[in-house]
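These notes are about the structure you will find just below.
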Amino acid sequence: MSGEPALDPTRLELAGEFLQEAVFRSRGDQAGATLMAAGSASCGLGEKPAVALDLTPRAESIFDELTGGRDVDVDAVRETMASWIKRQDALDRKRNHFLKDFRNENGFDRRAYTAEQSAAFEAGLDAVNAEVLAGRNEAAAELLGRLSDA
């Protein structure tokens, strides 16, 4: 036991959803920048992550639910948001590069994959997705910790 209290799974999920809203908001900016750039990067995400820290209406609602209207250290929340946006971007790039490499090696038509190729494809994608989920849960726990420190 780590000595730390267990996190409420519902609040952890809600905090993760809040962080994903931040990613979605930032991706909108990133997509616009990528479309405007000449010769965008091969993975389709542009050269670097866009970090937008203003909240979508859904994120505002989640934030209100998480804080219960209490005053919180907004700078700490924004720091957690920015950190997760950058980490999510890196993990999405990892997923995109896995897909590109796998398809270049095995072809784009999954219907033509052997059982071994299909299993390797699913295992590789599952590994990246598990890393994303673990990272989001870690960032959500950090966010909840910062909210409770207020």
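The values are calculated or read from the model by the stated rules, or taken from the named source; none is laboratory data. Fair warning: this is a prediction, and the values are worked out from it, not measured in the lab. Cβ: placed from backbone, ideal geometry, glycine included. Neighbour counts: every protein chain shown. Ligands, DNA and RNA are stripped out before the accessible areas are found, and what is left, the full protein with its side chains, is counted by its heavy atoms. Shrake-Rupley method; radii C 1.70, N 1.55, O 1.52, S 1.80 Å.
What's the extension gain from residue 104 to residue 17 if we count 0.36 nm per residue and subtract their Cα-Cα distance? Before the final figure, lay out the partial values.
Working: separation 87, 0.36 × 87 = 31.32 nm, distance 3.35 nm.
Contour length minus Cα-Cα distance gives 28.0 nm.
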Q) Rg and Dmax of segment 50-150 over Cα atoms: what are they, in angstrom? A) 18.5, 56
Q: Can you tell me which of 86-93, 14-21 comes out highest on packing, and rank the rest after it, using the mean Cβ neighbours within 10 Å?
A: 14-21, 86-93
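What GluC sites (Glu not before Pro) in segment 49-150 are in a loop by DSSP, with at most 11 other Cβ atoms within 10 Å of the Cβ? Don't jump to the answer; show the numbers that get you there.
Working: sites: 60, 65, 79, 105, 116, 122, 131, 138, 142; in loops: none.
Loop-located and lightly packed - none at all.
Using a 1.4 angstrom probe with every protein chain in place, what is the largest-first accessible-area order of 118, 26? Please list the in-between numbers first.
On the way: 118 45, 26 0 Å².
I get 118, 26, largest accessible area first.
Express in nm, to one decimal, how much length is gained between residue 73 and residue 132 on full extension, taking 0.36 nm for each residue of separation and deducting their alpha carbon distance. Intermediate values should be presented prior to the final figure.
Values: separation 59, 0.36 × 59 = 21.24 nm, distance 2.59 nm.
Here the segment from residue 73 to residue 132 would lengthen by 18.6 nm.
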Q.
Could you tell me how far the Cα centroid of segment 76-112 sits from the Cα centroid of segment 134-150, in Å?
A. 22
